[in-house]
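See below for the structure under consideration.
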Amino acid sequence: MSFLDYFLGSRKKTASVAKDRLKLILAHERSADTPDFLPALQEELLTVISKYMPVEKDQISVHMERRGDFEVLELNILFPEQHSPG
Amino acid sequence: MAQTVVVTSGKGGVGKTTTSAAFASGLAQRGYRTVVIDFDVGLRNLDLVMGCERRVVYDFINVIHGEARLQQALIRDKMLENLYILPTSQTRDKDALTTEGVARVMEELQTQFDYIVCDSPAGIESGALRALYHADAAIVVTNPEVSSVRDSDRILGILAARSKRAEEGAEPIREHLLLTRYAPKRVQGGEMLSLDDVQELLRIPLLGVIPESEIILQASNQGIPAIHMQGSDVALAYEDVVARFLGEERPLRFVQPEKTGFFKRLFGG
Ligand SMILES: Nc1ncnc2c1ncn2[C@@H]1O[C@H](COP(=O)(O)OP(=O)(O)O)[C@@H](O)[C@H]1O
Ligand SMILES: [Mg+2]
């Protein structure tokens with residue numbers, strides 16, 4: 001494969017590369033200006049939730065994100081199969 | 001009461017001044033009393049794009065510093081009688097705009113106009129903040145390019161946090177995405193972010209798409225806002241932008257690569 005082939009071949013896909021990079025950049029920067037109470041909130045949620053079901057610290061994540069005119073607080077709790085409630 | 005619209009972007013060279021001139025002209029064409037203000041202190045580009053550079057005597061900064069009255073600094077557009085330009089200074093530094101001074105001028109303009117269009121400087125510092133502070137609506141000018149999309153996203157964060165509306169807890173600024181310098185052929189070839197990509201990334205309502213066009217250079221060479229370049233893609237695209245801003249429905253044009261000639265373009269296809 002010549003250098004030119006390589007260049008033309010890769011040129012085709014640069015828009016999707018740009019999009020993937022932007023997804024990461026924006027996600028990172030949007031979470032960078034999250035309020036500083038988030039770690040504390042995460043701590044407290046962990047305490048409350050672990051009263052009812054076994055859950056580890058790294059299974060809980062809290063994110064704040066701006067979407068248009070809204071701020072969205074996103075709470076993710078990951079339950080391993082065996083701990084599924086019910 | 002006037003509506004204040006900021007044309008902003010974060011990044012420089014994306015088409016803010018081009019858009020401010022075309023958009024303000026479009027509003028005035030429809031009969032609205034409109035003033036367009038140059039907030040880009042030190043550069044002073046808007047008067048060149050509007051073609052009124054030789055008539056600048058007093059500017060925005062003179063008014064703020066009490067060296068001239070507002071009416072002395074306002075320049076009437078050469079093509080539209082209800083359009084005025086408030087130029088900025090080429091010599092002073094960007095701190096010449098004081099927060100109180102800008103507020104005073106904006107208040108005075110409120111009573112005289114239907115629309116106040118603010119052409120923002122690039123960046124996310126004091127100049128850009130002053131330009132967006134009083135806004136009721138924002139046109140976020142974005143090119144289909146990584147750094148431009150990123151900077152637009154940062155400006156969106158600032159609009160939501162640092163404007164007068166944000167500080168007063170009023171209804172947030174209406175945000176509009178304007179994608180400019182769009183080249184559908186390159187999008188089709190996978191070399192340029194598509195309209196859908198940018199919308200998905202920025203997630204604000206779309207106001208329009210302005211194609212990349214050599215007409216823009218012809219317009220700026222002559223000091224004629226692009227919306228006056230009759231029959232051109234960019235003029236029609238900017239007319240659509242004004243119509244949508246005013247609440248009219250307009251289908252998107254110039255977002256597909258052109259396959260056919262002039263007549264097909266004229267009559268749609
Ligand atoms: N749709 C377009 N097609 C081609 N060139 C454009 C377009 N819009 C703007 N330009 C050019 O890009 C450059 C920057 O535009 P300008 O409006 O001054 O940007 P900004 O005010 O954001 O710095 C100018 O040379 C202008 O003529
Ligand atoms: Mg400019």
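The values are calculated or read from the model by the stated rules, or taken from the named source; none is laboratory data. Computed from a predicted structure; not experimentally measured. Cβ sites come from the backbone with ideal geometry, for glycine too, and all protein chains shown count toward neighbours. With ligands, DNA and RNA removed, areas are computed over all heavy atoms of the protein, side chains included. Shrake-Rupley method; radii C 1.70, N 1.55, O 1.52, S 1.80 Å.
In this structure A:E44 has an accessible area near 120 Å², from a 1.4 Å probe over the protein heavy atoms. Take the Cα of B:M1, go 7 Å toward its beta carbon, and the backbone nitrogen atoms of segment B:147-177 under 18 Å from that spot belong to B:163-175.
Using the rule -39500 (n - 2.57) for each DSSP H run of four or more residues, divided by the residues of chain B, the 222 nm mean residue ellipticity is -11000 deg cm²/dmol. In this view, the solvent-accessible surface of A:H28, computed with a 1.4 Å probe and all protein chains in place, comes to about 130 Å².
Please give the net charge around A:H63, taking every other residue with its beta carbon less than 10 angstrom from that of A:H63, where Lys and Arg add +1 and Asp and Glu add -1. Don't skip to the answer; put the middle values down first.
Details: positive: A:R30; negative: A:E65, A:E74.
With Lys, Arg at +1 and Asp, Glu at -1, the net is -1.
Segment B:7-58 and segment B:159-208 have Cα centres separated by 20 Å.
Expressed in units of 2.2 N^0.38 Å, where N is the residue count, the Cα radius of gyration of the protein assembly as shown is 1.14.
Cross-linked pairs A:K19/B:K16; B:K11/B:K164; B:K78/B:K164: Cα-Cα separations exceed 27 Å for B:K78/B:K164.
Does segment B:1-98 classify as rounded, prolate or oblate by the C-alpha gyration tensor (a ≥ b ≥ c root eigenvalues; a/c under 1.5 gives rounded; else a/b over b/c gives prolate, otherwise oblate)?
On the way: a/c = 1.57, a/b = 1.16, b/c = 1.35.
Oblate is the answer for segment B:1-98, as a/c is 1.5 or above yet b/c matches or exceeds a/b.
In the complete set of protein chains, residue-level accessible area for B:K78 is approximately 100 Å², probe 1.4 angstrom. Here the gap between B:A243 and B:M79, fully extended at 0.36 nm per residue and compared with their Cα-Cα distance, gives a gain of 57.1 nm.
A Förster distance of 56 Å, applied to the separation of the beta-carbon atoms of B:R92 and A:N76, puts the FRET efficiency at 0.65.
Residues of segment B:133-175 with an amide N closer than 16 Å to a point placed 7 Å from the Cα of B:R203 along the Cα-to-Cβ direction: B:150, B:152-161, B:175. Taking 7 Å steps out from each Cα toward its Cβ at B:L252 and B:D196 produces label points 0.9 nm apart. With K and R counted +1 and D and E -1, the other residues having a Cβ less than 15 Å from that of A:I49 yield a net charge of -2. Tell me, what is the percent relative contact order of chain B, built from C-alpha pairs under 8 Å that lie six or more residues apart? Reported relative contact order: 24 percent. In order along segment B:64-72, phi translates into HN-Hα couplings of 5, 8, x, 8, 7, 7, 3, 4, 6 Hz, rounded to whole numbers, per the Karplus curve 6.51 cos²θ - 1.76 cosθ + 1.60 with θ = phi - 60° and x for Gly and Pro.
Across segment B:2-14, computed HN-Hα scalar couplings (Karplus, 6.51 cos²θ - 1.76 cosθ + 1.60, θ = phi - 60°) run 6, 9, 9, 10, 9, 9, 9, 6, x, 6, x, x, 9 Hz from first to last residue, x flagging Gly and Pro. Once backbone amide H atoms are built at 1.01 Å from N, B:A183 has B:E212 as its partners under 5 Å, excluding neighbours fewer than 5 places away on the same chain.
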